[in-house]
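Below is one structure, written out as structure tokens; the observations come after it.
Derivation of every value follows stated rules applied to the coordinates shown; laboratory data play no part. All of these numbers come straight from a predicted model, not from anything done at the bench. Positions of Cβ are generated from backbone atoms using ideal geometry, with glycine treated the same way; all protein chains shown enter the neighbour counts.
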């Protein structure tokens, strides 16, 4: 909240100025990053992805559930923010439900969108804590945007993160990537074993293949061996893949 400095001093001439918010580029700095690094240590595969994101304009990350796609990408976004490589983190996701609709959601637009963004929100809270995350949100350092309202926008000095990309068509993916502005980066994440749309409606793989070979573009893949959420999921994933291909 911005508060006004009021004073009864007659010499003030009523020209008081509102207190300014903290400078955005200092809300998460190297001190905060060093604190994060003492509590979180990336594994070898995550470090490789970290390097790839930092050295490319667009990175496409794929892999099964539980391989730390969102975690690794959010960590790298915070690192870029702390090192003054970017000023904003733009979070986007398709507003789709897995298999059934919850129906009408009450509240403001922000309140309606929040349930779809839970993976981002919980990840950032784990990385930097609830208070710091809320501070970055309030000051528009971390922003939640939906594809519905991104047309016409340009995001300079930012990193654009788009998760669940396997649920998008080519027009949606192109709308998103063409928001990329000056000195910005983008990361597209997806799991091609999980679709909330018909598989033939997904253009995630086609989009990746079209761009393959471009300069400043990289593809990174996590595999079943990279699952960190729970080792039990490795066998679950294997059995699901066998079942899926047997019925196709």
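Note on the stretch 113-248: semi-axes of the ellipsoid equivalent to its C-alpha gyration tensor, largest first and rounded to whole Å, are 28, 22, 14.
Where a ≥ b ≥ c are the square roots of the eigenvalues of the C-alpha gyration tensor, would you call the stretch 36-191 rounded, which needs a/c under 1.5, or, failing that, prolate if a/b is larger than b/c, or oblate? Judged from the Cα gyration tensor, the stretch 36-191 comes out rounded (a/c under 1.5).
With 5 Å bins beginning at zero, the pair-distance distribution over Cα atoms of the stretch 144-216 amounts to 3, 15, 26, 25, 19, 8, 2, 0 %.
Here the convex hull built on the C-alpha positions of the stretch 105-165 has a volume of 119 cubic angstrom per residue. Paramagnetic label reach from residue 140 (point 7 Å along Cα→Cβ; backbone nitrogen cut-off under 14 Å): within the stretch 69-94, residues 87-90. Projected label points at residue 83 and residue 201, each 7 Å from Cα along the beta carbon direction, are separated by 4.0 nanometres.
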